[in-house]
Amino acid sequence: MHFHDCFVRGCDGSILLSSTKNNQAEKEAIPNQTLRGFQVIDAVKYELEKCCPGVVSCADILALVARDAVLMIGGPFWDVPTGRRDGTVSVSTEALTQLPSPFANITQLKQNFAAKGLSVKDLVVLSGGHTIGIGHCFIISNRLYNFTGKGDTDPSLDPKYAAQLKKKCKPGNTKTIVEMDPGSFKTFDEDYYTIVSKRRGLFQSDAALLDDFETRAYVKLQSLTHGLFFARDFSESMMKLGQIGVLTGKRGEIRKRCAFVN
């Protein structure tokens with residue numbers, strides 16, 4: 001959720017805003033419809049407003065909760081500077097155009113990240129966040145059943161893994177979920193890179209990491225040695241992510257409720 005927030009208008013909590021009669025918010029965009037945990041942010045905000053009203057922004061809460069959630073499931077710690085203010089605009093079409101797509105190739109991904117001031121290394125490191133969480137069958141349906149429009153399967157996908165996915169994701173299935181890191185999708189670890197190196201990345205954007213020299217080298221290194229991703233790289237890239245387009249000073253506001261502008 002923090003990643004999806006920061007890639008649209010910067011880390012301003014715009015992903016948390018609800019739609020209004022005259023506007024469809026970011027959370028309604030297709031890439032965001034599978035996000036979960038809004039109630040967690042709301043609960044934190046509720047408690048903070050009781051203790052220190054109008055002080056802690058929803059954008060800061062989201063950044064802090066992202067860090068603490070990773071830490072709670074065995075991931076690394078990183079410093080989260082606070083002082084972000086909340087944005088007042090949230091538009092679904094902006095999420096469609098600015099968020100990296102699960103169908104993106106490596107050229108598109110590099111362009112997406114560069115536009116936010118993130119490097120190619122940040123791209124492959126932050127992709128490692130797929131060590132936790134789930135995807136949905138409808139997102140990979142074309143990859144399994146109609147990759148080029150001829151009823152074929154994506155040749156970049158390991159055939160044995162494709163067969164496993166087809167057992168779980170029948171044609172037209174829109175509800176079933178799939179683990180992004182099978183066997184440890186609730187644990188923060190480096191298995192993601194092992195999976196990608198075996199051509200078992202769930203999304204086309206995962207597989208795309210093998211199509212660039214720098215990203216492929218990092219995937220191979222982490223799949224064989226482990227270490228730097230967990231000890232340093234993920235923390236550094238998350239700190240960079242959390243500073244994209246931050247509102248400070250008199251820009252933005254401190255929302256009283258995260259789903260609504262004041």
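The values are calculated or read from the model by the stated rules, or taken from the named source; none is laboratory data. These numbers were taken from a predicted model, which means no experiment stands behind them. Glycine also receives a Cβ, built like all others from the backbone with ideal geometry; neighbour counts cover every protein chain displayed. Accessible surface areas use protein heavy atoms only, side chains included; no ligands, DNA or RNA. Shrake-Rupley method; radii C 1.70, N 1.55, O 1.52, S 1.80 Å.
In table form, for the structure just shown:
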item	result
Helices (runs of 4 or more DSSP H) within the range 178-241 that include 3 or more residues over 20 Å from Phe147 (Cβ atoms)	191-197, 213-224, 234-241
Any hit, the range 220-239, residues being within 19 Å of Pro102 (Cα to Cα), acidic (Asp, Glu) and out of contact with any Leu (no Cβ under 7 Å at 6 or more places or on another chain)	no
Ala29 vs. criteria more than 20 Å from Val246 (Cβ to Cβ) and open to solvent by less than 10 Å² (accessible area, probe 1.4 Å)	yes
Breaking point among (1) open to solvent by less than 20 Å² (accessible area, probe 1.4 Å); (2) farther than 24 Å from Gln33 by Cα; (3) of a type in the set (A, V, I, L, M); (4) under 18 Å from the mean Cα position of the chain (by Cα), for Ile140	(2)
Residues that are open to solvent by 60 Å² or more (accessible area, probe 1.4 Å) and in contact with a Ser or Thr (Cβ under 8 Å, 6 or more places away or on another chain), drawn from the range 106-122	Gln108, Lys121
Residue match in the range 214-236 (condition: more than 23 Å from Phe7 (Cα to Cα), of a type in the set (D, E, K, R), modelled with pLDDT of 95 or more and open to solvent by 80 Å² or more (accessible area, probe 1.4 Å))	yes
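Conditions tested, residue by residue: (1) surrounded by 14 or more Cβ atoms within 10 Å (Cβ to Cβ); (2) at negative phi; (3) touching a Leu at 6+ places or on another chain (Cβ under 6 Å).
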position	(1), (2), (3)
Tyr145	yes, yes, no
Gly149	no, no, no
Ser156	yes, yes, no
Pro159	no, yes, no
Pro171	no, yes, no
Thr176	no, yes, no
Glu179	yes, yes, no
Gly183	no, no, no
Lys186	no, yes, no
